[in-house]
Each structure stands twice: as structure tokens, then as C-alpha cells.
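S.K.: Would you mind keeping the following structure in view while I ask a few things?
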Amino acid sequence: MAELSEQQEQDQGETKQTRRLRSGFWFGVIILLIIVGLAGAGFYLFTQLRDKQADLGGEVKGQMSKQIADYQAQLVAIQSQLASLEANIAGKDNHYTKTLADFSQLHSEKLQTTRKELNDSIVGVQRQLGKTRGDWLIADAEYLLSVANERLYLISDVNTTREALEAADQRLRESGDAGTFKVREEIAREISDIKNVMVADVVGIYASIQTLQDHVDKLVLFLPYTGKALTAPVEEKPSAESGQDHGLLDSAMSQLQGIVTIRHTEHEVKEILTPEEAQFIQEQLRVKLEMVKIALVQHNEALFQSSLADAKKWAELHFMKNTDISNFIAELDRFSSIKIRSQFPDISSSLKMLRDITKLRIEADKAMPSVEPIAPVAPIKPSETVAPVEKIEAIKPTEAVPVAQ
């Protein structure tokens with residue numbers, strides 16, 4: 001029994017061990033399966049992760065490539081903008097450089113012009129300061145000759161022109177310059193020509209025309225007009241033989257005396273003027289005479305003659321031929337024979353010669369005989385003034401040759 005129990009126990013022990021071995025085996029198998037499953041799952045997950053990583057890497061690479069391309073395009077645009085900005089800066093730099101160069105050149109030209117004008121002014125002042133009394137007299141004579149030309153040709157002032165020429169001749173005589181002899185001869189000829197010029201009495205003619213305007217109301221119109229003042233009848237002394245025959249006629253005329261004025265005319269009377277028309281005719285004659293006065297003041301010879309002819313024609317056409325109108329027309333004819341603008345002579349030759357006084361001085365020096373050398377003179381003190389050599393040489397001949405007064 002005991003052996004059976006021990007055997008049973010051993011059998012139970014073996015059975016338990018066998019069961020344990022089987023449980024361990026299956027547990028190991030299960031563990032192995034779990035490990036294999038986990039390994040497969042891990043490999044699957046690794047594969048999926050690698051695929052996702054590959055896809056993610058491609059997407060990232062594409063995005064990076066796109067971003068790099070965008071950055072490159074932006075960089076190219078920035079480079080083009082920088083190039084255009086550099087070109088603009090270079091253009092502005094060239095423009096500013098050119099502007100500065102032009103301004104510098106203009107400033108230099110102005111500076112040179114100002115310097116030249118200043119030098120000319122200094123030279124002119126030096127020349128003015130170095131002039132002698134004879135030079136000043138010659139300059140004064142030149143001014144007087146220019147005034148004479150202006151007064152003659154612009155204003156037709158003959159008297160002032162003659163006085164200016166005489167004053168210029170006096171200045172040249174006082175200068176004592178031998179080069180002015182020919183100029184004085186020309187001035188003498190011009191003075192003679194000016195004295196022969198006949199100048200119209202503009203003031204007297206103007207006053208005479210004004211008198212004619214005042215006498216227009218006294219002229220009798222050719223055509224009768226209403227509202228005319230009555231004229232006093234002319235009494236005739238009857239002869240002894242016709243006294244009895246005209247008794248009735250005298251009595252009738254005595255009754256009409258002061259009422260009717262009988263006038264004989266050779267022209268046919270076609271109409272009777274109104275007082276306004278008669279006044280218009282008179283005013284037209286005054287206007288034509290006013291045009292004559294305007295032409296006289298302006299020294300317009302053509303307008304003066306045409307206005308006189310127009311006034312004469314108007315007077316002959318609208319006014320009765322009697323003593324008043326005959327005197328009126330005779331006065332207009334007298335005005336027509338007057339030349340209000342004379343032909344003035346040319347007096348510019350003396351001015352041209354005087355402006356070229358240097359040439360005349362050279363010619364005068366050549367015409368003069370040679371002068372013996374003068375003995376040396378004691379030195380002059382600095383305080384004493386010495387005239388220029390050129391002026392002394394010009395004055396020397398006047399001591400030997402008398403100047404024509």
C-alpha cells in the first residue's frame with residue numbers, strides 16, 4: 001500500500017512534471033509566437049514608418065525645392081532691381097556731373113565776361129584820366145555833332161542844328177589839334193548848306209488856318225436852307241429917266257423890302273437844305289481844315305497837300321462864289337505853294353571824320369615838315385604833371401601854323 005501510494009505519488013509527480021513540461025512548452029511556444037508576432041508587427045511598423053518617411057522626405061524635398069526656386073526667383077528679381085537701381089544711380093550721377101560741368105562752364109564764361117568788362121572799364125577810366133583838355137574838347141565837339149544830326153533829321157530843328165554845328169567848330173578850334181582841320185572844313189560846308197535851307201513858318205501857317213476856321217460861318221452856302229437870317233436889301237439909286245417908269249415897281253419892292261431877298265445864280269437849285277444839313281456842311285469844312293493843321297504839325301507833306309485840295313474842293317462845291325469864298329480859296333492856294341518839309345542836306349560827314357580822328361592825326365603828322373630835335377630839358381619833378389607824348393606831338397604843329405578862326 002505504501003508502495004502503491006508512493007507509486008501513485010510518483011505517478012502524480014511525473015504527471016505533474018509532465019504537465020509542467022507541457023505547460024512550459026506551450027508557454028514557450030506562446031512566448032515564441034508572441035515574439036514572432038511582435039517582430040512581425042515591428043517589421044511591419046518599421047516598413048510603414050520607412051515608407052512614410054520616404055514619402056515625407058519626398059514631400060519635404062519638393063517643398064524645399066519649390067521654396068528654393070521661389071527664393072532664387074526672388075533673388076533674381078532683387079538682382080534686377082539692384083541692377084536697375086544702379087543704372088538709375090549711374091544716370092543721375094552722369095546727369096548731376098553734366099549739370100555741374102555746364103554750371104561750372106557757365107560760371108567760368110560769366111566770370112570771364114565780367115573780368116573782360118571790368119578790364120574794359122578800367123582801361124576806359126584810365127583813358128579818361130589820361131585825356132588832355134584837347135581830348136575833352138574833341139569829345140564835346142563829337143557830342144555836339146551827334147546832337148545836330150538828331151535835331152535835324154528827327155525834329156527838323158534847323159536853328160538848333162546850326163547852333164550845334166557852330167559850337168562844335170568852336171570846340172575844335174579851341175582844342176588846337178591839327179587833325180581837326182579837315183573836320184572844320186566839312187563843318188563850315190555843312191553850316192553853309194544849313195543856312196540855305198528854307199524853313200516854313202509853321203506857327204504862322206497854323207494861325208492862318210485857325211483864322212479860316214473862324215470865318216467858315218461867314219461863308220454863304222450854295223443851296224438855300226430854312227431858318228436863314230434875313231439880309232438887308234441893297235438900295236439902288238434910280239436914274240432920272242427911269243424914275244417915272246418904275247414908280248409902280250418901286251412901290252411894290254418897298255412893300256417886299258426886308259421880307260424877300262432876290263439872288264441871281266447860274267446854277268440850278270434842286271433842293272432846300274435843312275439847318276442840320278447846312279451845319280453839317282460847315283462842320284465838314286472845319287474838320288478838313290483841322291486835318292490840314294494836324295498834317296502841318298506832323299510835317300506830313302503828302303497829307304498836308306491832300307487835305308488842302310480836299311478842303312478847296314469842298315468849298316467850291318457847297319459855297320456860293322463871292323468875295324469871301326474867293327479869298328478863302330486864294331488862301332488855300334497860298335498854303336498849297338508852301339513846302340512844309342524841306343530837303344535837308346547831309347551833315348553826317350563831319351561826325352564820321354571826327355570819329356576817325358586818329359587817322360586824321362596821322363595824315364596831319366605826315367604832312368607836317370620834319371622838326372629838328374629839341375635840346376634835352378631838365379628833369380621834371382614828380383609833382384608836376386606831364387601831358388602824353390602823343391598829345392604834345394599833336395599840339396606842336398599849331399605853334400607854327402596859324403589856326404583859321
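S.K.: If you build the convex hull over the alpha carbons only and average its shadow over all orientations, what do you get for region 125-206? Give it in nm² to one decimal.
M.R.: 6.5
S.K.: Now for a different question. For the peptides 203-212, 154-163, what is the packing order when you average, over each peptide's residues, the other Cβ atoms within 10 Å and list the highest mean first?
M.R.: Taking the mean over residues of other Cβ atoms within 10 Å, the ranking is 154-163, 203-212.
S.K.: If you don't mind, there's one more thing I want to ask. Run the dipole for region 1-102 about the Cα centre, Lys and Arg Cβ at +1, Asp and Glu Cβ at -1, nothing else charged, and hand back the magnitude in debye, nearest 20.
M.R.: My answer is approximately 300 debye.
S.K.: Here is a further query. Sticking with the crude label model, points 7 Å out along Cα→Cβ, report the distance from residue 337 to residue 50 in nm, one decimal please.
M.R.: 14.8
Readers should treat all values here as calculations from the given coordinates under stated rules, not as data from a laboratory. Since the structure is predicted, the reported quantities are computational estimates derived from the model, not experimental observations. Neighbour counts are summed over all protein chains in view; Cβ atoms, including those assigned to glycine, are modelled from backbone coordinates with ideal geometry.
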